[in-house]
Amino acid sequence: MVILDGKKTSLDIKNEIAEEVKSILNKGQRAPHLAAVIVGKDGASLTYVGSKVKACERVGFDSTLIKLDESIGEDELLDKVNELNNDDKIDGYIVQLPLPKHIDSQKILLAVDPKKDVDGFHPTNFGRMALNLPTFISATPHGIMELLKRYNVSTEGKNTIVIGRSDIVGKPISILMGLKTNPGNSTVTMAHSRTKNIESLIVQADIIISALGVPNFIKSSMVKDGAIVIDVGITRVKDNSEKGYKIVGDVDFENVSKKSSYITPVPGGVGPMTIAMLLKNTLLAYQNLSLS
Ligand code: NAP
């Protein structure tokens, strides 16, 4: 069994990006610049955004964190988005989800300029991804594909089951795993909460990608020998540590790892890859801007 080490791989990617930034600066050009918008004070969201901003600093990017009050109106937030669209010094930006209930998230995401949409959530970028055209692939599915690529995991002709159909993970990774690419070229089943006999589908799969957010959902009895297991789940479970919680995935790692050929741990698997791919997308946005 091989552990797909997202922590190490993401560090490799960040080092590669830092080298690129150095050579950009040596040419006397400005550094790539990522902005992040966060609305409200949700603890998990603040942690995620904080890590993204810190990661920017580590690779030499400029970063701007825009913290907005929970009570901000939809029009005001749209104004902020337009301001970022028109700011030539910002190459890419993200609007951290979830947004407060009184704001229509789709309306906000649609207003983001696709050229700056480093999260890859805009329908233009999602569509380009589905057609295998150059685009910003959203960071989590992009991170999974990069991890498979860097470990030379063979996916061609294999049966993949993706559990979860969210716009940010399940749907895009289902599409990517079925594209005529390497990694890719697999035969994909997408399961969700209405799927019947899900266990019998999971047990037949060569590749299991779990993105539900239900701790210990994937048990050893559901996994065939030699399966490749990608655990996207991140759930905070209360414990007695100083932080008061620990992060757990969807997979019973201890037992499933004994049967699998490759497996991602949680933490240290898909999570760190997500941030690395966001940085990669920002570099891409910067390079596109420099070309135009
Ligand atoms: P989401 O929007 O809540 O989607 C969850 C999906 O799982 C839905 O499609 C849902 O089905 C399905 N589901 C829920 N319970 C199920 C069950 N018992 N059987 C079968 N399907 C079930 O979540 P998400 O945003 O995709 O995130 C999924 C997990 O990944 C979460 O733990 C999240 O924290 C984590 N995550 C991690 C990263 C990372 O960087 N590693 C990034 C993003 C998300 P329905 O559609 O029928 O409701």
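Below, the figures for the structure above:
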item	result
Hits in region 145-166 (condition: assigned to a helix (DSSP H, G or I) and open to solvent by less than 60 Å² (accessible area, probe 1.4 Å))	Met145, Glu146, Leu147, Leu148
Any hit, region 95-111, residues being closer than 27 Å to Gly43 by Cβ, away from the ligand (no atom under 16 Å from the Cβ), acidic (Asp, Glu) and surrounded by 15 or more Cβ atoms within 10 Å (Cβ to Cβ)	no
Matching residues in region 1-40 - criterion: being under 17 Å from the mean Cα position of the chain (by Cα) and open to solvent by 70 Å² or more (accessible area, probe 1.4 Å)	Lys7, Lys8, Leu11
Residue in region 241-249 that is open to solvent by less than 40 Å² (accessible area, probe 1.4 Å), under 17 Å from Ile163 (Cα atoms) and within 15 Å of the ligand (Cβ to nearest atom) present	yes
Scope region 41-82; condition buried (at least 18 other Cβ atoms within 10 Å of the Cβ) and touching a residue at least 60 places away in the same chain (Cβ under 8 Å); matching residues	Lys52, Ala55, Cys56, Val59, Phe61
The listed residue being touching a helix residue (DSSP H, G or I) at 6+ places or on another chain (Cβ under 8 Å), aliphatic (A, V, I, L, M) and modelled with pLDDT of 95 or more, out of Val59, Val2	Val59
Subset of region 194-230 (residues that are more than 15 Å from the ligand (Cβ to nearest atom) and either of a type outside the set (A, V, I, L, M, F, W, C) or exposed (fewer than 14 other Cβ atoms within 10 Å of the Cβ) (or both))	Gln204, Asp206, Ser220, Ser221, Lys224, Asp225, Gly226
Tabulated pairs, region 98-116, first within 13 Å of Lys80 (Cα to Cα), second of a type in the set (S, T, N, Q) and assigned to a helix (DSSP H, G or I), C-beta under 6 angstrom, 6+ apart or interchain	Asp113/Asn85
Strands (runs of 3 or more DSSP E) fully within region 25-127 counting 1 or more residues that are polar (S, T, N, Q)	62-68
Residue in region 84-91 that is free of Cβ contacts under 8 Å to residues at least 24 places away in the same chain, loosely packed, with under 14 Cβ neighbours inside 10 Å and among the basic types (Lys, Arg) present	no
Flag if Gly143 is in contact with a Phe, Trp or Tyr (Cβ under 9 Å, 6 or more places away or on another chain), closer than 30 Å to Pro183 by Cα and either at pLDDT 95 or above or not charged (D, E, K, R) (or both)	no
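Conditions tested, residue by residue: (1) within 16 Å of the ligand (Cβ to nearest atom); (2) part of a loop (DSSP other than H, G, I, E, B); (3) open to solvent by 80 Å² or more (accessible area, probe 1.4 Å).
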{"position": "Asn132", "(1), (2), (3)": "no, yes, yes"}
{"position": "Phe136", "(1), (2), (3)": "yes, yes, no"}
{"position": "Gly143", "(1), (2), (3)": "yes, no, no"}
{"position": "Ile168", "(1), (2), (3)": "yes, yes, no"}
{"position": "Pro172", "(1), (2), (3)": "yes, no, no"}
{"position": "Leu176", "(1), (2), (3)": "yes, no, no"}
{"position": "Pro183", "(1), (2), (3)": "no, yes, no"}
{"position": "Val188", "(1), (2), (3)": "yes, no, no"}
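The values are calculated or read from the model by the stated rules, or taken from the named source; none is laboratory data. Remember, predicted model here, so these are calculated numbers, not experimental data. Note: ideal-geometry Cβ built from the backbone for every residue, glycine included; neighbour counts use all protein chains shown. SASA here: full protein model, heavy atoms, side chains in, ligands and nucleic acids out. Shrake-Rupley method; radii C 1.70, N 1.55, O 1.52, S 1.80 Å.
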